[in-house]
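Peer 1: I have a structure I would like to understand better, so I am pasting it below and will then ask my questions one at a time.
The values are calculated or read from the model by the stated rules, or taken from the named source; none is laboratory data. Computed from a prediction, not measured in an experiment: that's the story for all the values here. A quick note on method: Cβ atoms are made from the backbone with ideal geometry, for glycine too, and the neighbour counts reach across all protein chains shown.
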Amino acid sequence: MREKKSYKWLKEVLAFCVLFLASGHGAEPESSSEASADQRILAEFTIAKGGDLILVPVTFKGNEYLFFLDTGCSHTVFDSSLKHELGDVKRIERGLTAAGPMEAELFDAPAAFLGPFNMQDCGEIFCSDFRMFSYIQGKRISGVIGMNFLRKYVVQIDFDKGVLSFLRPIRRQNPDWGEELEINYDSLGVPHVMGNIHDGIKVNFVIDTGNNSSGALGGKIFDDIISRKKIKTSETLVATASGTIRLRETRITNLRAGSFEYQDIIFCEGIFSCLGLSFLSRHLVTLDFQNNRIYLKKGNDFKNIDETDMSGLHLLRISNTTLIHSVDKESPAEKAGIKAKDVIIKVGNKDVNTYNMWRLRRILMSEDKRKITMAIERGNDVKEVSFLLEKKI
């Protein structure tokens, strides 16, 4: 078996699933492959409204699996639970996440189908362990659809309607798509778009639908802004393919992309700069990869106010059990006596499982000084705890 060094192959596909942060509505995706009256539409899928991960059904070996769409990932990736169906390993490649280096095995792409599309056209796919991302989402995640598949299509994401469309490429812009911005690609085929922050600092952002926050700023840019602007920071817990890590986050006073301007966007520090789903979900987004263009049109959530966790709780859902992964020091939840490995039974007077994980996390970032009451199970004991949310930045 031959090893090949490649420190960017996976980008951060598995690097910025924030344990407490998921912006969007966690509706179950369904395939909707009926013929459309608009013949430009090759396939449509129902997705979560808002900025939650874009989950779509992939059929493989007669079974259906949930994959998420990740424009920030160079390759399509299958979960390691499917490894036995993938044939022989071609080689091992080394990647880099925010938490450190990792390795993943590379295979020839199998015959797997996203609606009418055969993912075998990808050529090669990687295999990695998605258990942590399944626990974060509270549902089984079996893979990532990356740019070696997506690059051939026009991909439109209507976050307001909860519809993902694959469109037939056209030569000219559809006037309904909104403002046109140029896409540039790195050596791995990952798309970027230029923007600027703080009235003039130019940033080349990865367009990253695999990141469920508003985005990240490369470490040098993040450090420079913090030192020059004296901006307040807090910490966030991030899950990567090689483990969890704490990263700083801050609120940027302004961001410009084309003629659009945004205030008080929250970014965390990262290996590279990117715009994630919480940012993108403010728009109707059309990605015309073949013509190197992204189109943005204001959506219902364009003026959303960015917030981050106000509780100190980091949550996982494993087999319908909502578990405390960890609790931030000096946070409202720690002061209320909540500990890692506690199990949440109720939030308010409702069973915790009536909330999907997106909704539950949204409650915990909803309003400064809002009172949260929970029923917590620890061993054989169940007790009620309450605390006030506390805005960090």
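Peer 1: Restricting the first residue to the range 339-362 and requiring it to be at positive phi, which pairs with a second residue that is outside any helix (DSSP H, G or I) and of a type outside the set (V, I, T) meet a Cβ separation below 9 Å and a spacing of at least six or different chains?
Peer 2: Within 9 Å, the pairs are K341/L323; K341/H325; K341/R378; G348/M374.
Peer 1: Then there is this: Among the residues of the range 97-144, how many are of a type in the set (S, T, N, Q) and in a strand (DSSP E or B)? Full working, then the answer.
Peer 2: Keep residues of the range 97-144 that are of a type in the set (S, T, N, Q), which gives 97, 118, 120, 128, 134, 137, 142.
Remaining after also requiring in a strand (DSSP E or B): 97, 118, 128.
Number satisfying all stated conditions: 3.
Peer 1: Inside the range 205-247, can you point out the residues that are hydrophobic (A, V, I, L, M, F, W, C) and in a helix (DSSP H, G or I)? Show your work before the answer.
Peer 2: Initially, the range 205-247 is screened for residues hydrophobic (A, V, I, L, M, F, W, C), giving 205-207, 216-217, 221-222, 225-226, 231, 237-239, 241, 245, 247.
Correct list: I221, F222, I225, I226.
Peer 1: Tell me, which residue of the range 123-136 that is surrounded by fewer than 19 Cβ atoms within 10 Å (Cβ to Cβ) and not basic (K, R) is farthest from L323 (Cα to Cα)? Step through it out loud before you land on a result.
Peer 2: Our first condition is that a residue be surrounded by fewer than 19 Cβ atoms within 10 Å (Cβ to Cβ); within the range 123-136, this holds for 123-124, 129, 131.
Imposing the further condition that a residue be not basic (K, R) reduces the set to 123-124, 129.
Working: G123: 39, E124: 36, D129: 20 Å.
Ranking the candidates gives G123 first.
Peer 1: Turning to a different aspect of this structure: Run S187 past the list (1) buried (at least 19 other Cβ atoms within 10 Å of the Cβ); (2) of a type outside the set (D, E); (3) at negative phi and report the number of the one that doesn't hold.
Peer 2: Every listed condition holds for S187 apart from (1).
Peer 1: Next up: For the range 112-122, state whether one or more residues are under 30 Å from R248 (Cβ atoms) and either surrounded by fewer than 21 Cβ atoms within 10 Å (Cβ to Cβ) or not assigned by TED's automatic domain parsing to the domain that holds G219 (or both). Explain how you work it out, then say what you get.
Peer 2: Kept after step one, since they are under 30 Å from R248 (Cβ atoms), are these residues of the range 112-122: none.
No, because not a single residue in the range 112-122 is under 30 Å from R248 (Cβ atoms) and either surrounded by fewer than 21 Cβ atoms within 10 Å (Cβ to Cβ) or not assigned by TED's automatic domain parsing to the domain that holds G219 (or both).
Peer 1: While we're on this one: Which fully enclosed strands (runs of 3 or more DSSP E) of the range 258-342 have 3 or more residues being hydroxyl-bearing (S, T, Y) and within 22 Å of R362 (Cβ to Cβ)?
Peer 2: On the way: elements: 260-270, 283-288, 293-298, 313-318, 321-327.
In the range 258-342, the matching strands (runs of 3 or more DSSP E) lie at 321-327.
Peer 1: Something else: Of these, F113, F107, which one is at pLDDT 95 or above, under 27 Å from E44 (Cβ atoms) and in contact with a Phe, Trp or Tyr (Cβ under 8 Å, 6 or more places away or on another chain)?
Peer 2: Answer to the check: F113.
Peer 1: Of all residues in the range 344-368, which are of a type in the set (K, R) and under 20 Å from N304 (Cβ atoms)?
Peer 2: Applying the first criterion (of a type in the set (K, R)) to the range 344-368 yields 346, 350, 359, 361-362.
Matches in the range 344-368: R359, R361, R362.
Peer 1: Now a separate question. Name the residues in the range 250-284 that are modelled with pLDDT of 95 or more and among the acidic types (D, E), would you?
Peer 2: E261
Peer 1: Another question about this same structure. Would you kindly identify the strands (runs of 3 or more DSSP E) lying entirely within the range 152-204 that contain at least 1 residues that are touching a Cys at 6+ places or on another chain (Cβ under 7 Å) and over 27 Å from D52 (Cβ atoms)? Don't jump to the end; show me each part of the working.
Peer 2: Working: elements: 154-158, 163-167, 179-182, 191-197.
Counting at least 1 such residues, we get no strands (runs of 3 or more DSSP E) at all.
Peer 1: Go through the range 132-183 and give me each residue that's free of Cβ contacts under 8 Å to residues at least 24 places away in the same chain and either of a type in the set (D, E, K, R) or assigned by TED's automatic domain parsing to the domain that holds A257 (or both). Can you show your working first?
Peer 2: Step one: filter the range 132-183 for residues free of Cβ contacts under 8 Å to residues at least 24 places away in the same chain, giving 134, 172, 175.
If the condition is that a residue be free of Cβ contacts under 8 Å to residues at least 24 places away in the same chain and either of a type in the set (D, E, K, R) or assigned by TED's automatic domain parsing to the domain that holds A257 (or both), then R172 is the only one that fits.
Peer 1: Answer with yes or no whether F166 is closer than 19 Å to A43 by Cβ, modelled with pLDDT of 95 or more, in contact with a Gly (Cβ under 8 Å, 6 or more places away or on another chain) and surrounded by 18 or more Cβ atoms within 10 Å (Cβ to Cβ).
Peer 2: Values: closer than 19 Å to A43 by Cβ: yes; modelled with pLDDT of 95 or more: yes; in contact with a Gly (Cβ under 8 Å, 6 or more places away or on another chain): yes; surrounded by 18 or more Cβ atoms within 10 Å (Cβ to Cβ): yes.
The answer is yes for F166.
Peer 1: Out of the residues in the range 190-214 that are of a type outside the set (A, V, I, L, M) and either over 19 Å from the mean Cα position of the chain (by Cα) or not assigned by TED's automatic domain parsing to the domain that holds I231 (or both), state the one that is nearest to Q156 (Cα to Cα). Please lay out each step first, then the result.
Peer 2: Quick first cut of the range 190-214, residues of a type outside the set (A, V, I, L, M) only: 191-192, 195-196, 198-200, 202, 204-205, 208-214.
Cutting the leftovers down to either over 19 Å from the mean Cα position of the chain (by Cα) or not assigned by TED's automatic domain parsing to the domain that holds I231 (or both) gives us 195-196, 198-200, 202.
Values: G195: 21, N196: 24, H198: 29, D199: 29, G200: 29, K202: 26 Å.
Among them, the one singled out is G195.
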